[in-house]
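Read the structure below first, then the notes.
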Amino acid sequence: MSPQPQAAVGRPVSRVEGRLKVTGQAKYAADQTASGTAHAAVVDSSIARGRITGLDTAAAEACPGVLRVISHRNAPTLPYLPNRGSLNLPGERLHVFQDDRVLFHGQPVAVVVATTLEAAQHAASLVHVQYTAEPSATDLTSAPADEPTTYARGDAAAALASAAVRLDLTYRLSRMHHNPMEPHAIVTRWDGAELTVWDKTQWVQSTRDELAAVFGINPASVRVISPYVGGAFGNAARCWPHATIAALAAREAGRPVKLVLTRRQLYFGVGYRPAYEYRLSIGSDLQGRLTASVHDLRSETSRYETFAERGVLVPGRMLYTTPNVTQSHRTVPLDVNTPTPMRGPGYSTAAFPIESAVDELAHELGIDPIELRRRNEPENDQASGLPFSTRRLRECYTVGAREFGWNRRNPKPRTTRDGDWLIGMGVATAVYDTLRAPAQAHVRLDARGTAVVESATSDMGPGTYTSMSQVAADALGIDVPQVTFRLGDTTLPQAPVHGGSLTMASIGSTVQDGCDRVRQQAIALAVGDERSPLYGADPAAVVVYDGRLHVKGDPARGETYRQLLTRNDRTHLEATGSYTPAQSRASMHAYGAVFAEVAVDARLGMVRVRRMLGVYDAGRIISPKLADSQAIGGMVGGIGAALMEHTVTDHRDGRIVNANLAEYLVPVNADVPALKAIYLNGRDDQADPIGVKGLGEVVLVGVAPAVANAVFHATGRRVRHLPIAPEDLL
Amino acid sequence: MYPFTFTTARDTRAALEAGRNGGRYIAGGTTLVDLMRETVERPGTLVDISPLPLRFVTVTARGGVRIGALVTMTDAAAHPAIRRLYPVVSAALELSASAQLRNMATIGGNIMQRTRCTYFRDVTAACNKRDPGSGCAAIGGFNRTHAILGTSDACVATHPSDLAVALTALDAKVRLAGSSGTRSVAIADFLLLPGATPDREQALRPGELITAVDIPAHPRPLRSGYLKVRDRQSYEFALAAAAVALHSSGGVIRTAKVAAGGVGTVPWRLSAVERHLIGRRPSTRLWSSAAELAAEGAKPLTHNRFKIELLQRTVERELRIVGGTA
C-alpha cells in the first residue's frame, strides 16, 4: 500500500466545531431539554460523618412547583449490581439515598424535583436535616493508613547509608480540584424501561454501564449521549452519584429530569486530585550519579473506595538511572469523598518531589541541573528492563536550554535582580506513559466524496473532532471539511475512556484503519473496473488525493470517488476500523523538558512567572494548533498548581472552605505570561500505527517543579510544598 | 434564592419610601445577587435605584471631588479629575475585581460590599455576622485571609473593599439621604468595627440611601498611590494593601494619609505611621521606621500571622513608591 500524501495531518487546522461553540450552538448536556423536563436540586450533608436523625421536607414540599422530595426515607432500594467497569474502584461506590449514613461533608442526602430550577433550588434550601455527628478525620497527616503498595530493587537502605551525598526530604502537595468551566450536568429520560441520558462525560460507556448496574437493567437499555464537553481534566471519566440521583428522580417523578451541579457541589460531588505527603531520600556519588532513592507516599482516599493513583510510583522507578530503589505508597482512608485522576495523574504528583530533589542535589553538588540529569539518563527502563521505544530527553534538554537561554543563568541562587524583583530560572523533566486501548470506528464514504466517521469517544477540549477529521481526511484522500466525525453516543462503535492521553493513539489508529479499508475498497473497485482509467493498475501504487484516485507518479491516470462510485451504482463504501494495541515490547513514554523564569518580589513574596518553554518528545504531532492549546493549557494548569491551587478543608467538620472560584484560585490572564512549546520532530512507530505518544497529560507534568526550582534559584529559598504562597517567601 | 419582589424607583423620593418600607437597594448587584444565590441574603423586596440621578462626578474649586453613588467603578477610575487629583482612588478601583464587575458595580455599592469570609458565605457554617449569636467558625478555622486588626471575639472578617481603603486615607465622607433629610458621615465612622454586633456593618439608619462620596480637598501637590499584594495578579482580594497620599513642602512631609486594606475588619487608618512621617524628610530609613508602626495592635490568628510582616513591608514599599527616596 502506497503511503497517502499527508495534506491535513501536521497542518494547524482550526477546530472544526469551533464556530458552533463560539456562537453558542454547540449543545452541552445542560442545554438539552427533553419535552416536559423537570429540574432537580441536591441537598448536601453539613457533617462529615454520622447519621441523619431527622429530615423535615414539609416546607420544601409546600413550595409551588415542587413535584417530589426524595431521600433515604422514601427512595426505593436500588439494585447497585457489581460493575467492574466504569473506572469503579476497589471498595463500594457511594449509594445514594439508601440509608441514613453520612460518609463525608457534602454527601447528597436528598433531592428536590420541581417544574422550574428556581423552585427546586429554593425548596432544596428549605429541607431541614438533623444529624448525629460522629468524630471525623479528614487530615492526611494524622490518620492511620492502609497497607502499602511496595516496590524494591537492589538495597536502597544500604546504598543510602554509604552514599557520598544523601538528602532526606519531605514534600507536601495540596488537594486540587479540576474546575472545568462546564459544571457536571445530566438530563435523564425514561421511556418505559429504556433510559436515555444526556451527560457531561469523558466516556459514554462509563455512564451507561454504571447506570445499568445501579438500576439493574441491561446496558443495551441505556443510551448515553454527550456530543460536547466543556472541559473535564479527568473528573468526568467516572459516573458520579449525581447521575444516579437524576435517573432516580426522573423515574420517581415520571418525567425527564435535568440536574446541574452547582459550582460549590463540584468540590464534593465529583472527584479531585488527592493531597499527598511524599518523603523522598536520595543518595548519590560526588559526580551526581544517583545510587539510591527511597520513596514513602501517603495520599488521601475515602472510606468507601480506595483510590491508589496509577502512575505515581512510575517516575521514581524509571526516570533516572538508580540501582537501588524502594517505594511504598499508603492510602489513608478519611471521611471524604473519593479522589479521581486529574490531568497528568500520578506523574505530575511524583514530578514535584523528584524534580525538586534532583534540583536540590544539583545545587548541593554545584552541578548544573541539566548536566546532573544527563548524568543519570538511563539506557533502558530500569524497572522493566525493556528498551525505550523512543526517549529523546537529551534532545529536549539541548533544544530547551538553547531556546530558553539557559546559559545566561548564573548558577548561584539569589544573584539576579531587576529592581525589587529577584529573577530565577528553573528546569524540570516531564514524563507520562503512552497508553493505548482497543477501539472501533465506523467509516462511510458516500458517492459525493464526503465521509462520516463515528466512534463513541469524547472531546473534552483537546480537539478530537478536529484531529480525527485530519487523520480521516488524509487516509481517504479528501479535504478536512469533507469529513464529519461523530462521537459521544453509546450507539456508536465502542471506544475507551477519553483520558490518559490515549485518544489520539487509540482512536486515531482506529480511524486510520477504517479509512484505509474504505480507500482500499475504492482502489480495488477501480482497478477491477474496465471502465476505470485505473483498470489493471497495481492497487499498491494507487493513491488518493483531493478526492481523486490516481497512480502514484502518474496523476493523469485516475478518477474521482464520485465518478467511480456513481458509475458502479454504489451509494457509498463503508468499513469498520479497529485497533488492538500490540503486546508492548518496549517502555513507551512521552517526555518533556520544562523551563520557567520567575520573578519574586524580594520583600513582598509575590511570585510572577515571566516565561515558560516546554520541549516535548511526544511522537508525531497530528495537529500543531491543537497541540499548542494542550501545551499552553498544561502550563497554565501547572502554574496554578505551583502558585495557587489548593482545596482547603476545615478538619473540624470536613467542610471545604473554599468551594467556589472566588476562593479557589486558578490563574487569570495576568498570571500567564509568554508560554511556548516546541515538539521534537519525529514519530514512535512502536507505540501505535500513527506514531503518536500522547500529549495532553505530559504537558502538565514538570511545570510545577520547574516553577518551584526557579523560585529557589531566584530567592535561595526551597519551598517543599505546593502551592507556594507569598508568606513562604517573606 | 428566596423569592422576592422587585421594584424600580424612578426618583430619590420613591426610593426612600420603598427603603423605609423595608426594601433593599440594589444597583450593580455584584455583591447582593451573589449572596442571594447562596441564600446568605434573603431580602423580601429589592428596590432598583439605577434610574436615580446619581451618576455624576463634580470637582470643587479647591480640588475636592464628589462622586455620585451610581457612578460605576470603571467610570470613576477613568474620570480625568479623579485620575489627576487622586491617583490612589483610580488605582484602588482598577486593582479591584474584574473589568466586567467594575463595569457593573457602583461606588455606593462598593463601600457597602460584604466580607469574603468563606464561613460568612456558607450558610451551614456558624457566623455571627450572618446569624447573630451562632458563633464564629473562622476564629478556630481556616483564617489565612482574615483580619489582624479591629477584630473581636465575635468576628474576624476582613473588609473587602480597596476603594474604601483609599477613601479612608483621604478622609472621605459618605453622603446619605433619609426620610429626615441628608447628612454626611466620615467613612471611618460609616464603616463599623464588628465588636459584639458584627451583623451591623455600616452606620446607616433604616431606609437611608448613599447618594455620593465626598473626597475633601488636600494640600497640593499631593502624591498618592495604592499597592495591593495578593495571591494572583488580578481578580483577587488583598492579602495586604496600602493607600498612601503625601504632601511635602520645603523637602519636609507636611501631610501624610496612610491606610491599609486586607488586614482589618474595616479599612485601617495608620495614624501612628502618619504621625511618624509628618515633619520629617523623605528617606529610605524613614519609610522603614514608619512602616514598623503599621501593625500596631495587630492580633494574628492561626493562619494569618504573616500578615503583620507583609503589612509592614507593603506600607514601606508604597511609601517609597509615592514618596521617593530623595
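The values are calculated or read from the model by the stated rules, or taken from the named source; none is laboratory data. Quick caveat, the model's predicted, so the values are computed rather than measured. Here the Cβ positions follow ideal geometry from the backbone for every residue, glycine too, while neighbour counts run over all protein chains shown. Keep in mind that these areas ignore ligands, DNA and RNA; they rest on the heavy atoms of the full protein, side chains included. Shrake-Rupley method; radii C 1.70, N 1.55, O 1.52, S 1.80 Å.
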Interface residues, segment A:585-625 - accessible area loss of 40 Å² or more versus chain alone, probe 1.4 Å
A:Arg603, A:Leu604, A:Met606, A:Arg608
For chain B, compute Rg over Rh where Rg is the Cα radius of gyration and Rh is the Kirkwood radius from the inverse mean 1/r over Cα pairs.
0.97
Debye intensity ratio I(q)/I(0), log10, segment B:169-269, q values 0.16, 0.19, 0.24 Å⁻¹ (C-alpha model):
-0.87, -1.06, -1.21
Proximal charge balance of A:Glu134 [Cβ under 14 Å; K/R count +1, D/E count -1]
+2
Pairs over 27 Å Cα to Cα, from B:Lys228/B:Lys299; A:Lys21/A:Lys676; A:Lys258/A:Lys625, come to A:Lys258/A:Lys625
Counting Lys and Arg as +1 and Asp and Glu as -1, what is the net charge of the other residues whose Cβ lies under 15 Å from the Cβ of A:Met612?
0
Amide H proximity to A:Arg223 below 5 Å, modelled H, separation 5+ or other chain, gives A:Leu195, A:Thr196, A:Val197
Only Lys, Arg, Asp and Glu count, each charged at its Cβ (+1, +1, -1, -1), so figure out the dipole size of the protein assembly as shown about its Cα centre, rounded to 20 debye.
3020 debye
A drop of at least 30 square angstrom in accessible area, chain alone versus all protein chains together, probe 1.4 Å. Which residues of segment B:118-136 meet that?
B:Thr118, B:Tyr119, B:Asp122, B:Thr124
Using Cα pairs closer than 8 Å and at least 6 residues apart in sequence, work out the relative contact order for segment B:180-271, in percent.
19 percent
Here, A:Ser14 and A:Ser162, labelled 7 Å along Cα→Cβ, have an inter-label distance in nm of 6.5 nm
Expected vector for segment A:713-728, Karplus 3J(HN,Hα) from phi with 6.51, -1.76, 1.60 and θ = phi - 60°, integer Hz, x for Gly and Pro, equals 5, 5, 10, x, 9, 9, 9, 9, 9, 10, x, 8, 10, x, 5, 6
Using the Cβ atoms and a cut-off under 12 Å, what net charge is assigned to the surroundings of A:Ser125, where Lys and Arg are +1 and Asp and Glu are -1?
-1
Spread of Cα-to-Cα distances over 10 Å intervals beginning at zero, given as percent, for segment B:223-323
17, 51, 25, 6, 0
Choose one of B:Leu32, B:Val47, B:Asn21: the residue whose Cα lies farthest towards the positive end of the charge dipole of segment B:5-48 (beta-carbon charges +1 Lys, Arg; -1 Asp, Glu; about the Cα centre).
B:Asn21
Pairs of Cα atoms farther than 13 Å apart, segment B:98-144, %:
62 percent
J(HN,Hα) series, segment A:41-53, from Karplus relation 6.51 cos²θ - 1.76 cosθ + 1.60, nearest Hz, glycine and proline x:
9, 8, 9, 9, 5, 10, 10, 9, 7, x, 10, 7, 10
Taking only the alpha carbons of the protein assembly as shown, what extent do you get along each of the three principal axes, in Å, biggest first?
100, 74, 61
Rounded to a whole number, what % of the accessible area of segment B:5-48 do carbon and sulfur atoms account for, probe 1.4 Å?
42 percent
For segment A:235-344, what is the per residue volume of the convex hull drawn over the alpha-carbon atoms, in cubic angstrom?
120 Å³
Roughly how big is the B-A contact, given as buried accessible area in Å² (both sides, 1.4 Å probe, nearest 100)?
3000 Å²
Excluding ligands, DNA and RNA, what is the solvent-accessible area per residue of chain B at a probe of 1.4 Å, expressed in Å²?
40 Å²
Any chance you could check segment A:656-670 for residues losing 50 Å² or more of accessible area when the partner protein chains are in, compared with the chain on its own (1.4 Å probe)?
A:Val657, A:Glu663, A:Leu665, A:Val668
Under-5 Å amide H pairs with A:Lys676, H placed in peptide plane, nonlocal only
A:Met612, A:Leu613, A:Gly614
Accessible area per residue, Å², segment A:668-720 with all protein chains present, probe 1.4 Å:
31 Å²
Let me have the relative contact order for chain A, percent, based on Cα pairs under 8 Å that are six or more residues apart.
17 percent
With all protein chains present, calculate the accessible area of B:Glu208 using a 1.4 Å probe and round the result to the nearest 10 Å².
20 Å²
Here segment A:384-398 yields Karplus 3J(HN,Hα) values (6.51, -1.76, 1.60; θ = phi - 60°; whole Hz; Gly and Pro given as x) of 9, x, 7, x, 7, 4, 8, 8, 10, 4, 4, 5, 4, 4, 5
Given H placed 1.01 Å from N in the peptide plane, which residues other than close sequence neighbours of A:Val165 have an amide H under 5 Å from its amide H?
A:Ser284
Percent of Cα-Cα pairs per 10 Å bin, from 0 to the last occupied bin, for segment B:5-48, please list those.
31, 52, 16, 0
Considering only C-alpha atoms, what is the centroid distance from segment A:647-672 to segment B:272-326, in Å?
30 Å
Within segment B:220-326, DSSP-loop GluC sites (Glu not before Pro) with at most 15 other C-beta atoms within 10 Å are B:Glu292, B:Glu296
Give me the percent of the accessible area of chain A that comes from carbon and sulfur atoms, probe 1.4 Å, all protein chains in place.
50 percent
When only C-alpha pairs under 8 Å and at least 6 residues apart count, what is the relative contact order of chain B, in percent?
17 percent
